[in-house]
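The values are calculated or read from the model by the stated rules, or taken from the named source; none is laboratory data. These numbers were taken from a predicted model, which means no experiment stands behind them. Cβ: placed from backbone, ideal geometry, glycine included. Neighbour counts: every protein chain shown.
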Amino acid sequence: MKYAILCSLLWLTHSIATPLSLSDEVFQEAQHILQTQQESHYDHKTVINESKGYYRVDCSSFVCHVLRKKSPLALAMLPIDVHHVHARAQNFYDYFKQLESVPNAHWMAVKTLFDLERGDIIAWKYDLSSHKKDTGHVVIVAEKPIQEEQTLYRIRVIDASKGKHANDTRAKESDGIGSGDMWFRVNEKGAPIGLYWSSKEKKERQHFIVMGRVQH
């Protein structure tokens, strides 16, 4: 009995003494917004009223809002395009790509998909030939990747989007902030090279994909 009590006290002491990592704080903030939002919409014009739980955001303004609350220094490192007020998906991509060769104190590159942790950020950039209006997409990792095939992993993400993922929390006719499952294809080095937005039965999308982790 005394041994069991001692073990419980040691575990409690360890839990109190071990603070959350910054990336885990990013996840917790995104999860808090997901659970407490009253209304959200996907829009490139950002309007946020936290007291009312109202969010009108796109994928990048949502992630920037989370970073602003948890790591404004890391957010300040991200480049911003001319005539824009926050980093967009392509800026996340370009910055994370640069991290692979030039790391810094605020961010680190995550080079292999199976090393992702909660709160890490995945960004991909659309090829200019696709003629898409958006520059790409950016999501926050909600759960560690689960391997389903030799080169295919399922990941639960939190994002702001128009389209829904598999097992999505967004209502049928709604968009905005939600959580759902995506699948990512990796190469022989474990780096992501393709994705399935909502179903493995649909065509795999090939994009330039990178990953980053906030550290300070």
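Quick notes
- Members of region 149-180 found to be assigned to a strand (DSSP E or B), surrounded by fewer than 20 Cβ atoms within 10 Å (Cβ to Cβ), without any contact (Cβ under 8 Å) to a residue 40 or more places away in the chain and not basic (Lys, Arg), listed by number: Glu149, Ala166
- Conditions (1) over 22 Å from His32 (Cα atoms); (2) in a helix (DSSP H, G or I); (3) among the hydrophobic types (A, V, I, L, M, F, W, C): number failed by Trp124: (2)
- Any hit, region 160-178, residues being farther than 23 Å from Val63 by Cα and at pLDDT 95 or above: no
- Selected residue (criterion: nearest to Glu25 (Cα to Cα)) from residues of region 62-88 that are assigned to a helix (DSSP H, G or I) and free of Cβ contacts under 8 Å to residues at least 60 places away in the same chain: Lys69
- Among (1) of a type outside the set (Asp, Glu); (2) over 22 Å from Phe92 (Cα atoms); (3) surrounded by fewer than 16 Cβ atoms within 10 Å (Cβ to Cβ); (4) at pLDDT 95 or above, the one test that Lys144 misses: (2)
- When Lys203 is tested against the conditions (1) at pLDDT 95 or above; (2) part of a loop (DSSP other than H, G, I, E, B), the lone failure is (1).
- Residues satisfying the stated conditions in region 89-132, i.e. more than 22 Å from Cys64 (Cβ to Cβ) and surrounded by 19 or more Cβ atoms within 10 Å (Cβ to Cβ): Leu113
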